[in-house]
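Here's the structure we're looking at; comments come further down.
We did not get these values from a lab; they are worked out from the coordinates using the rules stated. The structure presented is a predicted model; accordingly, all values stated were derived computationally and were not measured. Quick reminder, even Gly has a Cβ in these numbers, built from the backbone with ideal geometry, and neighbours come from all protein chains shown.
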Amino acid sequence: MSRTLDFEKHRQFYLDVYLPRIMKFEPEKTGPSNRSHYVACSLSELIQAYLLGLRDRVLPNAQALVAWMEVQAAPPEGKDSRESFRAYQWWETLGVCKWLIDGDPAVAEFGRSSEAVWRQWDKFDRLLPNGRKLLMREVLEEALPLNLAARRHDVGLKLCQEAGLTSKASSAPAISRAELMYGQWACRHLADGGKPDAAYVAKGEEMLRKTTIERFIPNGSRIPMAMWLKAIYHDSGVTRTPEETMLKAYDTMTGVEKPAFAKI
């Protein structure tokens, strides 16, 4: 029996409330230390539009975001954990946004973001008494799809090792556990010379069936969700465009009827 989720109502709410806000792109009003957060929030709302079949409505906004970011000085790197985090957020946002526009793999941008994550851990967070727990709880589930996009599978595996993640289920919450276990497996599979093949996709879909609905809800983590969809469907060649890739999310929602706007 299909679960009742009113995606059409959610879509209309986005058009009425979120779309006008996206049109007011004013990054110059934010201070330098807040710009990474500002562009990441803007990206999250763009991802939501793609999930709701509104790609054509927000494509100019995505293009404007990339154009603005590419003429700005990137955040400084390396002084402390906060600087490293801002650099990670900045480069990841630019990479995802470039991919959303036309399927650009943006490996260089994702690579810069991956470097910032590793630097944050290696230079700063590992020195904290609870650093390993922070890595497991707050960093790893987003760092794994990032390192898949950056094609730095060895770094993904190294972070798993540093966090103490094994091949057994971790003590993380169920939604995070599914992502951690798949992300670790995928990094190892590719690092060992494997391809994003049928097994890679099947295991990824198994993970998505456990996580997509929770990530889709308001205030869910949409950037990691987009990164997982990209890694599983677009990077494997199952889908050809970012729009098609994002709408594959509905295929992984068990017991949910796919909305009409997602049937392309």
Could you tell me what % of all Cα pairs in the range 190-237 have separations over 16 Å? 41
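Given R₀ = 51 Å, what would the calculated FRET efficiency be for I264 paired with D154, taking r from the Cβ atoms and rounding to 0.05? Before the final figure, lay out the partial values.
Numbers: r = 36 Å, r/R0 = 0.71.
After rounding to 0.05, the efficiency reads 0.90.
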Projected onto the charge dipole of the chain (+1 at Lys/Arg Cβ, -1 at Asp/Glu Cβ, origin at the Cα centre), which of A74, T212, N130 gives the Cα projection farthest towards the positive end? N130
Extending each Cα 7 Å along its Cβ direction at Q63 and R82, get the distance between those two points in nm, one decimal. 3.7
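Explain nothing, just the number: dipole magnitude of the chain about its Cα centre with +1 on each Lys and Arg Cβ and -1 on each Asp and Glu Cβ, in debye rounded to the nearest 20.
Numbers: 37 positive and 34 negative charges, 94 e Å.
So the magnitude is around 460 debye.
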Could you tell me which trypsin sites (Lys or Arg not before Pro) in the range 185-264 are loop residues by DSSP with no more than 16 other beta carbons within 10 angstrom of their beta carbon? R240, K263
Let's test the formula: R0 of 41 Å, r as the Cβ-Cβ distance of F13 and A74. What FRET efficiency results, to the nearest 0.05? 0.75
Give me the tail of P(r) for the range 34-78 as a percent: Cα-Cα pairs with distance above 17 Å. 36
To make sure I understand the rule: partners must be lysines, Cα under 21 Å from the Cα of K79, and not fewer than 8 residues away in the same chain. Which ones qualify? K123
Fewest Cβ neighbours within 10 Å first, please rank V256, V155 accordingly. V256, V155
Express the relative contact order of the range 7-262 as a whole percentage, based on alpha carbon pairs under 8 Å and six or more residues apart in sequence. 18
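Equivalent ellipsoid semi-axes for the range 113-193, as square roots of 5 times the alpha carbon gyration tensor eigenvalues: give them largest first, rounded to whole Å.
On the way: eigenvalues 65, 51, 19 Å².
Values for the range 113-193, descending: 18, 16, 10 Å.
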Among K195/K263; K98/K230; K168/K203, the pairs whose Cα-Cα distance exceeds 20 Å are K195/K263
Based on alpha-carbon positions alone, could you give the equivalent ellipsoid semi-axes of the range 29-124 from the gyration tensor, as √(5λ), descending, whole Å? 24, 14, 11
Alpha-carbon radius of gyration plus Dmax, which is the widest Cα pair, for the chain in Å: 17.9, 54
